[in-house]
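Student: The structure under discussion is supplied below as structure tokens; questions concerning it will follow.
No lab work stands behind these numbers, since they all come straight from the coordinates. Quantities reported herein were computed from a predicted structural model and do not represent experimental measurements. Cβ atoms come from the backbone with ideal geometry, glycine included; neighbour counts cover every protein chain shown.
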Amino acid sequence: MLSFETLFFAFLGGILPAMVWLYFLLKEDRRCPEPRHMIALAVVAGMLSVVLVLPLERFAVLTLPAGIPVIIGWAAIEETVKYLLAAIIVLWRRAVNESIDLVIYMITVALGFAALENTLFLIAPLASGNAIEALLTGNLRFIGSTLLHVVASAVIGFSLAFSFRKSRFVRTVCATLGLILAIALHALFNFLIIDGSGSFTLLAFFMVWSGAVVLFALFEVLKYLRYRKLPTNTCET
């Protein structure tokens, strides 16, 4: 039976890396910050996504051929569930009234997902008393898996953001394309990590960090477009 101490340190080790990324995200949005209760809802939406994803991924393992089909299935399940929960719990609310909000909340949902997922990965090594393995697992997930979730969900967020004022048809097409691209990136990363050699693992980390650089550059573009039309020290409401 798992002890309270094991669960506590697993949760702490899982949530801290995600909260570090969230801190930097919110710092980037400090001029016109999002309501704290909306940020909290987005984190909860991400954590709830994990609860829904686990049985679906188990079903995928039982029904799909091993290898690439399962890898694609897992990626599709995670990205679709994250997006659906984000849409239902956060994105359809009146407070989401700017294009950049869609990116911020999609990333926050991804961080909530990563926080609980990281916690589950840390339980086994902590329960067996292997602190070194737990530390290595946490560090690798901080620079790899957590950032992967951020990049994949941000792709969907940007797809929604750049079609924010368009027709319903255009928004639907952009959301679908963003989801497909997010699934493809997620599946490719998982394939390189699971089925690749050590060199492929380095390629996977290079890919996700390169994607992060591009997406954070796009984030700055959205910030510029948002702030240039606002008087100093004011925000849209």
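Student: So for His37, His186, His149, fewest C-beta neighbours within 10 Å to most, what's the order?
Tutor: His37, His186, His149
Student: Which trypsin sites (Lys or Arg not before Pro) in the stretch 9-101 pass both tests, a DSSP loop state and at most 14 other beta-carbon atoms within 10 Å?
Tutor: Listed in order of number, the matching sites are Arg30, Arg31, Arg93, Arg94.
Student: Over the stretch 4-224, what per residue volume does the convex hull of the Cα atoms give, in whole Å³?
Tutor: For the stretch 4-224, the hull spanned by Cα atoms encloses 126 Å³ per residue.
Student: Report, ordered by chain and residue number, the lysines lying within cross-link reach of Lys223, taken as a straight Cα distance under 17 Å and ignoring same-chain residues fewer than 8 apart.
Tutor: Lys27
Student: I'd like the distance between the alpha-carbon centres of the stretch 6-75 and the stretch 155-207, rounded to an integer number of Å.
Tutor: So the two Cα centres are separated by 16 Å.
Student: Residue separation times 0.36 nm, minus the C-alpha to C-alpha distance between Leu181 and Val20: what's the value?
Tutor: 55.4 nm
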